[in-house]
Amino acid sequence: MKIIKSEELTVAIREMCMNANYHLPKDMKDAICTCRENEPFDIAKNILGKIEENFNIADEDEVPICQDTGLALVFLEIGQDVHIEGDLRSAVDEGVRQGYTDGYLRKSCVKDPFDRVNTKDNTPAVLYTDIVPGDELRITVAPKGFGSENMSQIKMLKPSDGLEGVKQFILKVVEEAGPNPCPPIVVGVGVGGTFDKAALLAKKALLRPVNQRNDNPFYSDLEAEMLEKINALGIGPQGFGGKTTALAVNIESMPTHIAGLPCAVNINCHATRHVTKVL
């Protein structure tokens, strides 16, 4: 049995909140730079260049990539042979509180959806936990801005809608989103499970590097097809036109009920931020 003190979790999450907001992952940087080089439209190429300049400044000066530093999404994969000594929820929230306060990150969390009173420290975190084999604790912090989150949708399709129904729904969501989620975007898709599980699959799909395809050839081909179709919409960087509307389409699936075909589309902006650490 491996014992991890809750204080270790707090320290790790504090640093991860800041690093995730300051430093765009390499796969995202590379994808943006490659799209800029291959973008035939001058305005689109210029915008992608400005995005590149922005993340370079954020890197060097350790300032947020975007003013929307998001709700703090924290994913914990807890090894079944790990014991966390102390209060896990409190440790996570304390790490977020310290990270957003000490890092001068915008606090975007309100206590209640209707009273709209700011919690002033970006807590509570949106916490997801999974029990997995082993004796490690894998932490992923993914700040989620709401310009893109607000453009996400879920639909309980009928089995008879089939693959074409899923394709049409994905395109519909992206087309309706237009410039609002600050393209180029990353499109996370969850298919199967239940109403809530499909949404979680879509969100977890956004944690996968944009240069890594689904292991299943069927879904890998579907990702490539949908990326091509999305980019053919011509929305382009920041909605000014061009062939770079999305950097990737990441699809995750799971078994579902004989009577259902749940499909969720979770969109991320070009500041698709996440940091992972293992304790």
Within the range 59-77, the count of residues that are crowded, with 22+ Cβ neighbours inside 10 Å, of a type in the set (A, V, I, L, M, F, W, C) and assigned to a loop (DSSP other than H, G, I, E, B) comes to 1
When the range 238-251 is checked residue by residue, the ones that are buried (at least 24 other Cβ atoms within 10 Å of the Cβ) and either more than 17 Å from V173 (Cα to Cα) or at pLDDT below 95 (or both) are G242
The residue from E77, E39 that alone is of a type in the set (D, E) and over 23 Å from V132 (Cβ atoms) is E39
Here the qualifying pairs (Cβ atoms under 8 Å; residues six or more apart or on different chains; first in the range 45-65 and over 14 Å from M18 (Cα atoms); second among the polar types (S, T, N, Q)) come out as I47/Q238; L48/T244
message: Against the definition (surrounded by 22 or more Cβ atoms within 10 Å (Cβ to Cβ), more than 20 Å from the chain's Cα centre (by Cα) and either at pLDDT below 95 or among the β-branched types (V, I, T) (or both)), how does I47 come out, yes or no?
response: yes
Is there a residue being under 27 Å from I78 (Cα atoms), of a type in the set (A, V, I, L, M), under 19 Å from the mean Cα position of the chain (by Cα) and part of a loop (DSSP other than H, G, I, E, B) anywhere in the range 197-208?
yes
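What number of residues within the range 111-146 are hydroxyl-bearing (S, T, Y) and either modelled with pLDDT under 95 or part of a loop (DSSP other than H, G, I, E, B) (or both)? First the steps, then the outcome.
Quick first cut of the range 111-146, residues hydroxyl-bearing (S, T, Y) only: 119, 123, 128-129, 140.
Remaining after also requiring either modelled with pLDDT under 95 or part of a loop (DSSP other than H, G, I, E, B) (or both): 119, 123.
Final tally of qualifying residues: 2.
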Taking the range 1-27 and the residues there that are over 17 Å from the mean Cα position of the chain (by Cα) and outside any helix (DSSP H, G or I), the one that is modelled with the lowest pLDDT would be M1
A careful count of residues in the range 214-229 that are closer than 14 Å to N250 by Cβ and not in a loop (DSSP other than H, G, I, E, B) gives 9
Residues in the range 148-178 that are buried (at least 16 other Cβ atoms within 10 Å of the Cβ), of a type outside the set (D, E) and either free of Cβ contacts under 8 Å to residues at least 12 places away in the same chain or over 20 Å from F218 (Cα atoms) (or both) total 9
Residue match in the range 158-173 (condition: assigned to a loop (DSSP other than H, G, I, E, B) and closer than 26 Å to C269 by Cβ): no
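The values are calculated or read from the model by the stated rules, or taken from the named source; none is laboratory data. Just so we're clear, the structure is a prediction, and the values are computed from it rather than from any experiment. Cβ coordinates were reconstructed from backbone atoms using ideal geometry, including for glycine residues, and neighbour counts include every protein chain displayed.
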